[in-house]
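A short write-up of the structure that comes next.
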Amino acid sequence: MYRYILRRLLIMIPVIIGVSAVVFFLIRSIPGDPALILLGEHSSEEAVAKIREQLGLDKPKIVQFFYFLLNVAKGDFGRSFTTNEFVVIEIAKHFPATIELTVCSMIFGSIVGLVLGVTAATYRNSIIDYLTTVISVTGISMPVFWLGLMAIILFSIKLPIFPISGRLDPTITFSGRTGLIILDSLLQGNFAVFKDAIHHIFLPALCLGTIPLASIARMTRSSMLEVLNQDFIRTAKAKGLPSRKVIYTHALRNALIPVVTVMGLQFGSLLGGAVLTETIFAWPGIGRLSVEAIDARNYPVIQGCIIFFAFIFVIINLLVDILYAFIDPRIRYE
Amino acid sequence: MRRLFKVFRNKAALAGLLTILFFIFIAVFAEFIAPYSPYEQNLADRLQPPSKSHLLGTDDLGRDILSRIIYGARISLAIGLISVALALGVGISAGLVSAYYGGIVDTLLMRLFDVMLAFPTILLAMAIMAALGPDLENAMIAVGIVNIPTFARIVRASALIVKEQEYVMAAQALGQSNSKIIFRHILPNIVGPITVQVTLSYGGSILNAAGLGFLGMGAQPPTPEWGAMLSQARSFIISAPWTVTFPGIAIFLSVLGFNILGDGLRDFLDPRLR
């Protein structure tokens with residue numbers, strides 16, 4: 001197992017180098033001189049030349065890429081053009097908001113998706129089965145940004161139940177160790193902040209959560225249908241086990257492997273969906289940071305955010321593979 | 001082909017096809033169906049709620065939302081068509097070459113696609129858009145590029161199975177050229193999974209392009225693209241909620257049409273997944 005993990009970690013290196021290469025050459029092909037963007041249109045030629053030298057822009061592209069890779073390996077993506085802050089620090093500041101949102105969305109999508117999928121498979125061809133199919137097809141086809149806007153109109157404007165934007169009420173000041181407000185407030189026993197954070201995350205997480213919900217419900221249903229026809233399920237039923245135990249202990253566990261794969265893959269869609277959801281709900285995460293960086297042509301931040309997203313995605317795929325072995329003891333990695 | 005039409009005995013697939021045909025119809029006959037020009041501004045009628053003269057209301061420049069949505073169908077269908085055609089062309093070529101020749105070509109192509117798949121789709125599209133510049137044509141290219149690995153993988157996986165079939169070996173034994181074997185014997189036998197992917201990717205492409213439009217990186221004003229319409233209408237969400245409601249419904253219905261048709265095709269071609 002450890003050898004497998006090590007091998008997978010080593011395979012990650014060329015993928016990350018490849019990702020860095022794609023991002024580097026894409027960003028370098030953007031028209032316009034980064035030095036001019038940094039200093040402004042009316043700066044002197046000497047100042048521009050100096051900045052170009054400082055940023056290494058006067059060197060050949062391939063040399064620039066080599067230095068870029070070295071810096072990526074050190075976690076150094078340069079400084080933001082707009083705030084002059086290190087990009088890593090910008091990402092670190094925004095990452096907790098994104099992780100809090102995606103994890104809450106994933107929890108919501110997984111729980112509802114699993115319950116819907118299991119119920120649909122158990123009561124095949126019933127109303128709930130048809131309803132699950134409708135929900136999953138609808139969820140996959142729904143533009144998450146439009147769903148967010150509709151949720152705002154309905155639950156923040158017409159019925160003012162949830163706030164329109166942000167992570168906390170502007171009157172509340174709160175700082176925690178991890179930056180994950182929900183977790184930090186729980187750890188500090190500050191339930192007023194906890195309640196406000198849940199209140200703020202509810203709508204964005206609900207909207208973003210429809211992405212995994214649809215796929216998880218669909219995959220759970222088809223995987224459960226396959227397992228429920230197996231001999232061991234008939235045996236469990238014949239032994240007189242209660243149907244709840246047959247479904248949740250015997251069937252679901254065996255049906256989970258493809259569902260976990262879908263969950264892992266969905267995390268990628270969630271990260272992508274987070275870009276749109278964060279933009280709508282003014283959620284201060286990396287998605288919004290990347291959109292703002294593209295608008296401002298803030299190259300170091302664009303590079304940093306995209307490579308970081310890809311890195312997280314690759315790590316999640318690895319974790320999913322490792323998780324298989326825990327769910328299904330028949331899987332042994334050599 | 002006649003067998004393929006049996007898929008429409010599935011009511012959902014038929015509903016999907018009819019939805020798509022509806023959007024194709026309004027796109028083709030937009031000039032005759034749309035009550036107004038999609039670009040015609042009438043500031044005296046700005047932000048009017050749905051009424052008899054403007055069935056879906058007007059936007060902040062007094063343009064008729066229904067007309068813009070009807071013309072928008074052209075753009076969305078074109079985005080799907082061009083981006084899927086791009087992904088299909090490159091994906092089929094790369095997948096077939098990879099499966100048939102194997103070796104270093106296969107390894108290199110698959111690693112390249114691994115790298116592309118390491119990006120969340122919309123982010124890769126955003127990065128490409130950042131390089132190409134915000135524009136409708138560039139959005140089509142970006143969405144097409146992000147779809148290439150999916151097509152290449154599906155084509156490769158299907159072609160690897162077909163390659164081992166006896167009729168392919170017989171064709172090789174008869175000394176037929178590689179290109180003839182690939183295009184005459186392998187490609188026609190993997191059309192099924194490709195068709196399913198084309199349908200699903202068409203919906204996905206419309207969704208991704210609308211996302212780019214919404215972020216201001218796709219079609220630019222005054223183009224009546226649905227995502228861009230949503231983006232421009234965002235500021236009026238409180239005073240004129242209809243401006244954001246209807247373009248979203250159009251995106252949703254068109255994507256839904258392609259998705260349920262794709263699902264029906266997949267169920268038909270692989271009944272185990274039903």
- Note on the structure: When the charge dipole of the protein assembly as shown is computed with +1 on Lys and Arg Cβ and -1 on Asp and Glu Cβ about the Cα centre, the Cα farthest towards its positive end, among B:G257, A:P31, B:M116, belongs to B:G257
- Message: Restricting to DSSP H runs of at least four residues, report the calculated mean residue ellipticity at 222 nm for chain B, -39500 (n - 2.57) per run over all residues, nearest 500 deg cm²/dmol.
- Response: -22500 deg cm²/dmol
- Message: Given the -39500 (n - 2.57) contribution per DSSP H run of 4+ residues, what per-residue ellipticity at 222 nm results for chain A, rounded to the nearest 500 deg cm²/dmol?
- Response: -24000 deg cm²/dmol
- Take the Cα radius of gyration of the range A:87-327 and divide it by 2.2 N^0.38 Å, with N its residue count; two decimals is plenty. 1.13
- Message: Once each part is reduced to its C-alpha centroid, what is the distance from the range A:203-243 to the range A:277-308 in angstrom?
- Response: 36
- Query: Which far-off residues, 5 or more places away or on another chain, put their amide H under 5 Å from the one on A:R79, with H placed in the peptide plane?
  - Reply: A:V87
- So how strong a dipole does chain B carry about its Cα centre when Lys and Arg Cβ are +1 and Asp and Glu Cβ are -1, to the nearest 20 debye? 900
- Query: For the protein assembly as shown, what is the charge dipole size about the Cα centre, in debye to the nearest 20, if Lys and Arg each add +1 at the Cβ and Asp and Glu each add -1 at the Cβ?
  - Reply: 2360
- Towards the positive end of the charge dipole of the range A:87-327, with charges on Cβ (+1 Lys, Arg; -1 Asp, Glu), say which of A:L203, A:A236, A:T261 has the farthest Cα. A:A236
- Integer Hz, Karplus 6.51/-1.76/1.60 couplings in order for the range B:74-90, x for Gly and Pro: 4, 5, 5, 5, 5, 4, x, 4, 5, 5, 5, 4, 4, 5, 5, x, 6
- Task: Using only Cα atoms, find the angle between the long axis of helix A:61-73 and the longest principal axis of chain A, and express it within 0 to 90 degrees, rounded to the nearest 10.
- Result: 50
- Query: What base-10 log of the normalised intensity I(q)/I(0) is obtained for the protein assembly as shown from the Debye formula, alpha carbons as equal point scatterers, at q = 0.07, 0.08, 0.10 Å⁻¹?
  - Reply: -0.48, -0.63, -1.01
- Can you put B:F119, A:F194 in order of Cβ neighbours within 10 angstrom, beginning with the fewest? A:F194, B:F119
- Using alpha carbon centroids, what distance separates the range B:54-95 and the range A:149-186, in Å? 34
- With chain A treated as a Gaussian network of Cα nodes joined by springs under 10 Å, which of A:R167, A:R297, A:R52 yields the largest mean-square fluctuation? A:R52
- Query: Please state the relative contact order of the range A:87-327 as a whole percent: Cα pairs under 8 Å, 6+ residues apart?
  - Reply: 30
- Sequence neighbours fewer than 8 away in the same chain don't count; with that in mind, list the aspartates and glutamates whose C-alpha is under 15 Å from A:K61. A:D33, A:E53
- Task: Choose one of A:I11, A:G113, A:Q303: the residue whose Cα lies farthest towards the positive end of the charge dipole of chain A (beta-carbon charges +1 Lys, Arg; -1 Asp, Glu; about the Cα centre).
- Result: A:G113
- Query: Simple spin-label model, 7 Å along Cα-to-Cβ: B:K180 to A:I11 in nm?
  - Reply: 3.9
- Query: How big is the charge dipole of the range A:87-327 about its Cα centre, in debye rounded to the nearest 20, if each Lys and Arg gets +1 on its Cβ and each Asp and Glu gets -1 on its Cβ?
  - Reply: 820
- Query: What distance in nm separates the simple spin-label points at B:L47 and A:N125, each placed 7 Å from Cα in the Cβ direction?
  - Reply: 5.4
- Item | ³J(HN,Hα), Karplus 6.51/-1.76/1.60, whole Hz, each residue of the range A:158-172, x for Gly, Pro | 5, 10, x, 8, 10, x, 6, 8, x, 9, 8, 4, x, 6, 8
- Message: Cross-link candidates for A:K59: which aspartates and glutamates have Cα within less than 12 Å, leaving aside residues fewer than 8 places away along the same chain?
- Response: none
- Query: Taking a point 7 angstrom from the Cα of A:E85 along the C-beta vector, which residues in the range A:258-299 have backbone N less than 15 Å away?
  - Reply: A:283-293
- Roughly how tilted is helix A:87-122, in degrees to the nearest 10 and between 0 and 90, from the longest Cα axis of chain A? 20
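Every number here is computed from the coordinates shown, using simple stated rules; none is lab data. Note that the structure is a prediction, hence the values are computed from the model and not measured. Positions of Cβ are backbone-derived with ideal geometry, glycine not excepted, and every protein chain shown enters the neighbour counts.
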